[in-house]
Every structure is written in structure tokens, then in C-alpha cells.
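Shown next, in C-alpha cells, is the structure this report addresses.
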Amino acid sequence: ILVERKSRYTLLGKTADKKIGSVTESVIGQLSGLPSSIRQALTWDRGLDISKHHLLTARCNISIYFCDASSPWQKGTNENTNGLLRQYLPKGKNLSLYSQEQLDKIALQLNTRPRKILGFKTPLEVFQAGVALTG
């Protein structure tokens, strides 16, 4: 799950497994589809799944920051997005059963859902406006 903080635009990437290399490659694939003007920094929770963050830094020209341990207030957008995703992907559900196409459809539903925090605009609207300003 990648979530752009300002717009709440969400990308969901399928991984072959939970191994470090698979997660890193999935994130690189998702980031490479974004304009470099908005692909400047990534904040990550403190998990082993991103221990190869130096590859992201090198291949995507992006800075990586980490949340402090036991500091959920530093990842509010992430926690909120996880809550929204639970409406589509129930906790405990085997996510390997979902194809990338299915994940893209879920992301589209999230990205076209108006949000109060965005003045009832959709993440897609806010994201596109931000990309237009940087392009």
C-alpha cells in the first residue's frame, strides 16, 4: 500500500510473497509509474519488509524516512487508509487470492471516493490537480 499524503491517492501493489525483495520490487514498480516531481519522499513504518530501502533510494531517487517505534500519530494517513481498505479486504483474508487487476479496481474505488478531509473532493481529483501543478 502506498498513499500520497496530501491527496490520499492510494496505490496497491501485488507481491509474490512477503519476502523483502518482493515487497521492494513491488514498491519500486508502483513508484516508477508516478511523475518524479511528486516522488520525492516515502515514510515507512518500521518493518523488515523495507530493509532494502537503499534500493528504493537508488532506483527511484527518493528519500526514505521511518516512523518512530510506538508512535501511531506519525502514520495517521496510513492507519486511516488501512481502515478503508478493510471494507474491501477483510482482516485475515488471504490477499494472495487477489490479482493486480482486482487491487487496481479497489484502489480506483478508494481514489474516487470523496473525503471530508479533502473538502469532499476525491483523492484522484486532488492528486491530478497536484500533478498538473508540477508538470
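The values are calculated or read from the model by the stated rules, or taken from the named source; none is laboratory data. What you see is a predicted model; the values in this text were computed from it and never measured. With ideal geometry, Cβ positions are generated from the backbone for all residues, glycine too; neighbour counts draw on all protein chains shown. For accessibility, only protein heavy atoms count, side chains too; no ligands or nucleic acids. Shrake-Rupley method; radii C 1.70, N 1.55, O 1.52, S 1.80 Å.
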Exercise. Residues being open to solvent by 30 Å² or more (accessible area, probe 1.4 Å) and either in a helix (DSSP H, G or I) or over 13 Å from Asn78 (Cα atoms) (or both): count how many of those fall in the stretch 1-17.
Key: 4
Quiz prompt | Selected residue (criterion: least open to solvent (accessible area, probe 1.4 Å)) from residues of the stretch 75-84 that are farther than 16 Å from Leu118 by Cβ and in contact with a Ser or Thr (Cβ under 9 Å, 6 or more places away or on another chain) | solution = Lys75
Quiz prompt | Matching option when the condition is over 14 Å from the mean Cα position of the chain (by Cα) and open to solvent by 40 Å² or more (accessible area, probe 1.4 Å), among Gln87, Gln40 | solution = Gln87
Practice problem: May I ask you to verify whether Leu103 is under 23 Å from Leu56 (Cβ atoms), open to solvent by less than 90 Å² (accessible area, probe 1.4 Å) and hydrophobic (A, V, I, L, M, F, W, C)? | Solution: yes
Practice problem: Name the one entry in Gln74, Gln87 that is modelled with pLDDT of 85 or more and not small (Gly, Ala, Ser). | Solution: Gln87
Practice problem: Among the numbered conditions (1) open to solvent by 40 Å² or more (accessible area, probe 1.4 Å); (2) within 19 Å of Leu11 (Cα to Cα), tell me where Ile64 comes up short. | Solution: (1)
Quiz prompt | Qualifying position, being among the aliphatic types (A, V, I, L, M) and at pLDDT below 85, among Ala129, Ala107, Ala69 | solution = Ala69
Self-check item: Options Gly29, Gly119: the member that is without any contact (Cβ under 8 Å) to a residue 40 or more places away in the chain, surrounded by 11 or more Cβ atoms within 10 Å (Cβ to Cβ) and either touching a Ser or Thr at 6+ places or on another chain (Cβ under 7 Å) or over 13 Å from Val3 (Cα atoms) (or both)
Solution: Gly29
Self-check item: helices (runs of 4 or more DSSP H) enclosed by the stretch 48-135 - at least 1 residues per element that are over 18 Å from Glu25 (Cβ atoms) and out of contact with any strand residue (DSSP E or B) (no Cβ under 8 Å at 6 or more places or on another chain)
Solution: 76-85, 100-111, 123-134
Quiz item: Ile20 is checked against (1) in contact with a helix residue (DSSP H, G or I) (Cβ under 9 Å, 6 or more places away or on another chain); (2) more than 27 Å from Val126 (Cα to Cα); (3) of a type outside the set (Ser, Thr, Tyr); (4) open to solvent by 60 Å² or more (accessible area, probe 1.4 Å) and fails just one. What number does that condition carry?
Solution: (4)
